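Colleague: One structure, pasted below without further comment.
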Amino acid sequence: MKELICITCPRGCHLKVDDDLNVTGNFCPRGAMYAKAELTHPVRTLTSTVKINSKVADRLPVKSARPLPKELIFKAMEEINKVTMNAPISIGDVVIKNIFDTGIDIVATKDILK
Amino acid sequence: MKDIIIIGAGVVGSLLARKLSSYNLDVLVLDKENDVGNVTSMANSAIVHSGYDPIPGSLKAKLNVEGNRLFPNLCKELDVSFSQIGSLTVAIFDEQLPMLEELANRSKENGVEVKLLSKEEVLKMEPNLTSEVKGALLAPSAGIVNPFTLVVHAMENAVDNGVKLCLGEEVTSIKDNGDFFSVITKKNTYEAKVVIDAAGVYSDKIHSMIEKIDYEVKPRKGEYYVLDHYGKMLVNHTIFPLPSEKGKGILVSPTTSGNFIVGPSSEWVDDKEDLSTDKPTLVNVKAQAQMMVPNIPFNEVIRTFSGLRPTPSTHDFILGTAKSNNRFILASGIESPGLASSPAIANYLVDNFVSKVIKLTPKKDFNPYVRKRFVPSKMTSKERNELIKAHPEYGKIICNCEKVSLGEILDEFSRSVPPHTIKAVKKRTRAGFGKCQGGFCQPLVLALIASNYKMKKTDVLLDKDGSYIAHYLTKEAK
Amino acid sequence: MINRDLVIVGGGSAGMSAALEAYSLGVKDILILEKNDYLGGILNQCIHNGFGLQEFKEELTGPEFMTRFSKAVNEKGIEYRLNTNVINISKDKVVSYSNSEEGFVEIKAKAIILTTGCYERNSGAIQIPGDRPSGVYTAGQAQLYLNIYGQLVGKRVFILGSGDIGLIMARRMTLEGAKVLGVAELNSYSAGLNRNIVQCLQDFDIPLYLSHTVKEIVGPKGHIEKIVLAKVDDHFNFIPGSEIEFEVDALLLSVGLVPNVDLISRLGIPFSKTRGAVVTEHMETEIEGLFTSGNVLHVHDLVDYVVSEAREAAKGAYLYLNNKLSHKGHMYKVSPKDGVNYVVPQKIYIDDAEDKLIFKFRVAHPFKDINLVISEGDRVIKKIYKPAIIPSEMEIVKLDKSLFNKENENIFVYVEERK
């Protein structure tokens, strides 16, 4: 039996998972999904910034469009730190395509118009 | 070769420089700090005492009373906030009433107008005082001043009139060459015919660079609370307890910016750089203050700080010359009431000692006024509108808590003692002085400093060398 | 003087949400005044995800969340001024503001919604003994430097206070190359959300020191060099011998947020324990037509709740502008009792209220296995079982207005131990 705190939403449910990956303590189905994923292949959404050439901003906020495998987080940061974007940028613009062949893009999370 | 070097750009050094700038002299001011008025002159009660308290006949008594009289005009010329709100020294116990009378007599001896008030009279003036109050001594001439701008504007006026100021110059030794001195700093060597030691807590150390001295200047720390301006008048006067051998005691006072100050403690420290605060001392300050003003809203505290009094072992200001050379002039051990006395100290030293060793010819074009500053928050709507129309940068507010405009900050950069650090901007404009303590405006002020001096944002300092704010850039190649 | 129906002070998430709601209810003469040169307020620097699960049923970052609102404000053509600082609000609802283009302007507003957010408690307010060097920041200030300006405040960091911004910054600074040595919390429980303890601290092996605080800041040369951490007992007194020293180049403070009520603090209106104004069911202060919502009223843990509360205020402003708020009839006084720290609103004019009464409150300390009770006088209206409840999670209870029968003037919210 493992105990986990669900991080899917701010509610923070206290989950219990048995050896057969049966989950209890979850308020919603996402809690069960989280617990199973956390015990088999934990993932996290990565948020950071990249450099940008812009008249109004020094940094562009970005995120992984979907949660990345946890073990790739620091490696992804190394790639993110190398990127420089040019304004204008819109939310969702791809900053790094398919990072480490995960099928997940790093995307802009803010409109920077000039 | 300079005519005069002043060591120390505190309130005494700055007012001396200003006074000397009214004569045809080549004057240089050196200070180890990155801004003027950065040690004792920055961290004190900001009170222009009336002079009721010093021992009659002492330099402190004479110069405090004289200084107090000079303040109204001085602050007009230098565009400094000053308000003669008067002080109340309160007796809380019956046995203190005779001491109050004794103090009233001492005041008269010092030439200070005072008035003894009954319990009813004092409570009418100050309803937030403890109902235990038994009586008080009112000194109407006591005032409050903005000590930060007093020093900055005095030095600015001095520089406008020809004085040279070098900051970040720590004096390490002085050589007496007979008819001139070599003043050696960590960076340079300067020469001057006359040296004035106005080095505050270090004044004994500077003096001892040219001869053996028989006194010391020990730092005596005072810790304070600062309360926000919270829309109510806690007290209308500066409230003192009866003085003791430890000094004037813990006061409660409004400041010129509408805040309230509570303190100072009084503790001897060995380290002349020790500006730390500690909990037991502050708890004691609180308790002492509450004896006079029970309902101080300590939840409105926005900052605690401490300052160092340069306390001389002689118990009086040390004003005069070195024994070995009368061209080495002393303004040493200027503790309280140093701020109140400072303009009189400058006059006293120039008239009695500088004039003896160097010829003083008045400068024809000396201008006692600083260039006018615009402060939108103190203007009427109409004036404010006209100002913003002519100078739009006064419309944009940078510091929300204190309503400081971009125009006010930019104006300081254009002056002759411009700010180089976050703290120097804060002292001049009050940006970052409010309840958020720069939480919102500090990055903006930092960017303004960086752009004005064309420096990297990561190199901007809070205050001293090494006091970086946000020293690293992200995403930089390793 | 210019006349306006509705002036909204602050263009963050609360202000924009209030404007959009008022607009959709039919108020068209709206002006938003915003001090920064962008809308969205603090969310611009909250680049982490976790916003919008209630509002949009998806997980967004702060900038994404606020952009949905700012786009809507622009699409509807709701008027706003940027770089515009409100200097004063008077009792008769004259709003004075300053900017570079228009100068100093006074507007007579029929209704005002104040949405100026909050500010962080800082080192001045919490009075940590020791030196006052550079290198001590509020967590939000460090966040602004990092996320907006790309400046890292330090590389060996300690965080005092387990508020969410501090936890989020522990992760952010770690990802950006800093070593976060630990987070200390004075209380025996965290002030932040559980999920942030997991994903911001545990993920990165950052220790959380509960019942600990910073005893001294050491930085005599001008920049912070060291902190002394010490354990405290139940009365928050230091336990001798428990000191641990950390060599650091930055100390972040995440020790609480305070409603930024500056503009209304001198109007003589009452304030509550939240340090926000006392308000009615429509978030109206004692000055009729002056509404306040979001973090300037009480500090929320989720922006989703901020925007829904702002809508309540907007509804109030709409009703007020249409003379539909009576301020009459039966008035309830809403008060916290045992175990509850505060309740918003503090007053309910039941005849003015919407069909659902919304109570927002926090417990005073953590509880396990209790009932939350809402009563009218002694009559229990609602009991809600809670297996666990902590102060950092705001509770929201919505109850049908019809449950209240005007027999008593008091509504109480309290914690009841289960037998």
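Colleague: Could you grab me the full set of residues in the stretch B:289-316 that are more than 14 Å from chain C (Cβ to nearest Cβ) and among the polar types (S, T, N, Q)?
Modeller: Of everything in the stretch B:289-316, those that are more than 14 Å from chain C (Cβ to nearest Cβ) and among the polar types (S, T, N, Q) turn out to be B:Gln290, B:Asn295, B:Thr311, B:Ser313, B:Thr314.
Colleague: Let me ask you something else. Could you please find all residues in the stretch B:1-36 being within 30 Å of B:Leu242 (Cβ to Cβ) and not in a helix (DSSP H, G or I)?
Modeller: To start, the set of residues in the stretch B:1-36 that are within 30 Å of B:Leu242 (Cβ to Cβ) comprises B:10-12.
Within the stretch B:1-36, just B:Gly10 meets the criteria.
Colleague: Just to be sure, is C:Val248 among the hydrophobic types (A, V, I, L, M, F, W, C) and under 23 Å from C:Ser134 (Cβ atoms)? It would help to see each step written out before you state the result.
Modeller: Details: among the hydrophobic types (A, V, I, L, M, F, W, C): yes; under 23 Å from C:Ser134 (Cβ atoms): yes.
Judged against the criteria, C:Val248 is a match.
Colleague: Restricting attention to the stretch C:310-319, which residues are closer than 12 Å to C:Thr292 by Cβ and either free of Cβ contacts under 8 Å to residues at least 60 places away in the same chain or not assigned by TED's automatic domain parsing to the domain that holds C:Ser17 (or both)?
Modeller: Correct list: C:Glu312, C:Gly316.
Colleague: Restricting attention to the stretch B:252-281, which residues are at the interface with chain C (Cβ under 7 Å from one of its Cβ atoms), outside any loop (DSSP other than H, G, I, E, B) and surrounded by 17 or more Cβ atoms within 10 Å (Cβ to Cβ)?
Modeller: B:Thr277
Colleague: Here are some conditions: (1) within 18 Å of C:Leu257 (Cα to Cα); (2) free of Cβ contacts under 8 Å to residues at least 60 places away in the same chain. C:Asn295 meets all but one. Which one does it not meet?
Modeller: (2)
Colleague: Looking at B:Phe71, B:Phe93, which one is out of contact with any Cys (no Cβ under 7 Å at 6 or more places or on another chain) and not assigned by TED's automatic domain parsing to the domain that holds B:Leu123?
Modeller: After ruling out the rest, the residue left standing is B:Phe71.
Colleague: Yes or no: C:Asn44 at pLDDT 95 or above, within 22 Å of C:Asn147 (Cβ to Cβ), in contact with a helix residue (DSSP H, G or I) (Cβ under 9 Å, 6 or more places away or on another chain) and surrounded by fewer than 24 Cβ atoms within 10 Å (Cβ to Cβ)?
Modeller: When the stated conditions are applied, C:Asn44 passes them.
Colleague: Check every one of the helices (runs of 4 or more DSSP H) wholly within the stretch C:112-217 and list those with 3 or more residues that are within 29 Å of B:Tyr225 (Cβ to Cβ), more than 14 Å from chain A (Cβ to nearest Cβ) and not β-branched (Val, Ile, Thr).
Modeller: In the stretch C:112-217, C:123-126, C:139-143 are the helices (runs of 4 or more DSSP H) which contain 3 or more residues that are within 29 Å of B:Tyr225 (Cβ to Cβ), more than 14 Å from chain A (Cβ to nearest Cβ) and not β-branched (Val, Ile, Thr).
Colleague: With a cut-off of at least 3 residues that are of a type outside the set (Val, Ile, Thr), name the strands (runs of 3 or more DSSP E) lying wholly within the stretch A:17-114.
Modeller: A:47-53, A:59-64
Colleague: Turning to a different aspect of this structure: How many residues, within the stretch C:240-258, are surrounded by fewer than 16 Cβ atoms within 10 Å (Cβ to Cβ) and part of a strand (DSSP E or B)?
Modeller: 3
Colleague: Restricting to the stretch B:411-448, count the residues that are among the charged types (D, E, K, R) and either in contact with a Leu (Cβ under 8 Å, 6 or more places away or on another chain) or at pLDDT below 95 (or both).
Modeller: Here the count works out to 2.
Colleague: Right, here's the next one. Looking at the structure I just gave you, is C:Ser17 in contact with a Lys or Arg (Cβ under 7 Å, 6 or more places away or on another chain), part of a helix (DSSP H, G or I) and either touching a residue at least 60 places away in the same chain (Cβ under 8 Å) or polar (S, T, N, Q) (or both)?
Modeller: For C:Ser17, the condition - in contact with a Lys or Arg (Cβ under 7 Å, 6 or more places away or on another chain), part of a helix (DSSP H, G or I) and either touching a residue at least 60 places away in the same chain (Cβ under 8 Å) or polar (S, T, N, Q) (or both) - is met.
Colleague: Next up: Out of the residues in the stretch C:70-81 meeting the condition of being out of contact with any strand residue (DSSP E or B) (no Cβ under 8 Å at 6 or more places or on another chain) and within 13 Å of another protein chain (Cβ to nearest Cβ), tell me which one is farthest from C:Ser308 (Cα to Cα).
Modeller: Let us first name the residues in the stretch C:70-81 that are out of contact with any strand residue (DSSP E or B) (no Cβ under 8 Å at 6 or more places or on another chain), namely C:70-72, C:74-77.
Next cut, within 13 Å of another protein chain (Cβ to nearest Cβ) only: C:70-71, C:74.
Details: C:Ser70: 16, C:Lys71: 18, C:Asn74: 20 Å.
Restricting to residues being out of contact with any strand residue (DSSP E or B) (no Cβ under 8 Å at 6 or more places or on another chain) and within 13 Å of another protein chain (Cβ to nearest Cβ), the top hit is C:Asn74.
Colleague: Here is a follow-up. Among the residues of the stretch B:225-250, how many are out of contact with any Leu (no Cβ under 7 Å at 6 or more places or on another chain), farther than 19 Å from C:Gln127 by Cβ, touching a residue at least 12 places away in the same chain (Cβ under 8 Å) and not in a loop (DSSP other than H, G, I, E, B)?
Modeller: Matching residues across the stretch B:225-250 total 1.
Colleague: I need every pair where a residue in the stretch C:188-212 that is crowded, with 18+ Cβ neighbours inside 10 Å has its Cβ under 7 Å from the Cβ of a residue that is of a type in the set (Val, Ile, Thr) and at pLDDT below 95, sequence separation at least 6 or different chains.
Modeller: C:Ser190/C:Ile197; C:Asn194/A:Ile5; C:Arg195/A:Ile5; C:Arg195/A:Ile7; C:Gln199/A:Ile7; C:Leu208/C:Ile197
Colleague: Could you please find all residues in the stretch C:178-212 being of a type in the set (Gly, Ala, Ser) and modelled with pLDDT of 95 or more?
Modeller: So in the stretch C:178-212, the residues of a type in the set (Gly, Ala, Ser) come out as C:178, C:182, C:184, C:188, C:190-192, C:211.
Matches in the stretch C:178-212: C:Ala178, C:Gly182, C:Ala184, C:Ser211.
Colleague: Checking the condition outside the structural domain of C:Asn405 (by TED's automatic domain parsing) and in contact with a strand residue (DSSP E or B) (Cβ under 6 Å, 6 or more places away or on another chain), which residue from C:Val307, C:Val296, C:Val343, C:Val334 passes?
Modeller: Just a single option satisfies the conditions, and that option is C:Val296.
Colleague: If a residue counts only when it is among the aliphatic types (A, V, I, L, M), free of Cβ contacts under 8 Å to residues at least 60 places away in the same chain and in contact with an Asp or Glu (Cβ under 9 Å, 6 or more places away or on another chain), which strands (runs of 3 or more DSSP E) contained entirely in the stretch C:363-419 have at least 3 such residues?
Modeller: Those strands (runs of 3 or more DSSP E) span C:367-376, C:379-389.
Colleague: So in the stretch C:87-103, with the set limited to residues that are facing another protein chain (nearest Cβ under 9 Å) and either closer than 9 Å to B:Ile397 by Cβ or not hydroxyl-bearing (Ser, Thr, Tyr) (or both), which one is surrounded by the fewest Cβ atoms within 10 Å (Cβ to Cβ)?
Modeller: Going through the qualifying residues, I end up with C:Glu101.
Colleague: Considering every residue within the stretch A:30-46, establish whether at least one is within 13 Å of chain C (Cβ to nearest Cβ), surrounded by 14 or more Cβ atoms within 10 Å (Cβ to Cβ), within 30 Å of B:Lys457 (Cα to Cα) and in contact (Cβ under 8 Å) with a residue 24 or more places away in the chain.
Modeller: Within the stretch A:30-46, one or more residues are within 13 Å of chain C (Cβ to nearest Cβ), surrounded by 14 or more Cβ atoms within 10 Å (Cβ to Cβ), within 30 Å of B:Lys457 (Cα to Cα) and in contact (Cβ under 8 Å) with a residue 24 or more places away in the chain.
Colleague: Return yes or no: is A:Val23 surrounded by 15 or more Cβ atoms within 10 Å (Cβ to Cβ), more than 9 Å from every other protein chain (Cβ to nearest Cβ) and in contact with a helix residue (DSSP H, G or I) (Cβ under 9 Å, 6 or more places away or on another chain)?
Modeller: Details: surrounded by 15 or more Cβ atoms within 10 Å (Cβ to Cβ): yes; more than 9 Å from every other protein chain (Cβ to nearest Cβ): yes; in contact with a helix residue (DSSP H, G or I) (Cβ under 9 Å, 6 or more places away or on another chain): yes.
The answer is yes for A:Val23.
Colleague: Quick check on the stretch B:440-463: of everything there that is assigned to a loop (DSSP other than H, G, I, E, B) and touching a helix residue (DSSP H, G or I) at 6+ places or on another chain (Cβ under 9 Å), which residue is farthest from the other protein chains (Cβ to nearest Cβ)?
Modeller: B:Tyr453
Colleague: Right, another one. Please indicate, with yes or no, whether at least one residue in the stretch A:77-86 is within 13 Å of chain C (Cβ to nearest Cβ) and touching a Ser or Thr at 6+ places or on another chain (Cβ under 6 Å).
Modeller: Within the stretch A:77-86 (the criterion being within 13 Å of chain C (Cβ to nearest Cβ) and touching a Ser or Thr at 6+ places or on another chain (Cβ under 6 Å)), the answer is yes, since at least one residue qualifies.
Colleague: Next up: Kindly provide the set of residues from the stretch C:330-347 that are within 20 Å of C:His300 (Cβ to Cβ) and of a type in the set (A, V, I, L, M, F, W, C), ordered by number.
Modeller: The answer is C:Val334, C:Val340, C:Val343, C:Val344.
Colleague: While we're here: Of the residues that sit in the stretch B:191-224 and are assigned to a loop (DSSP other than H, G, I, E, B) and among the acidic types (Asp, Glu), which one is nearest to B:Lys359 (Cα to Cα)?
Modeller: Among them, the one singled out is B:Glu211.
The values are calculated or read from the model by the stated rules, or taken from the named source; none is laboratory data. Here the structure is a predicted model, which is why all the values come from computation and not from measurement. Note that each Cβ is placed from the backbone with ideal geometry, even for glycine, and that neighbours are counted across all protein chains shown.
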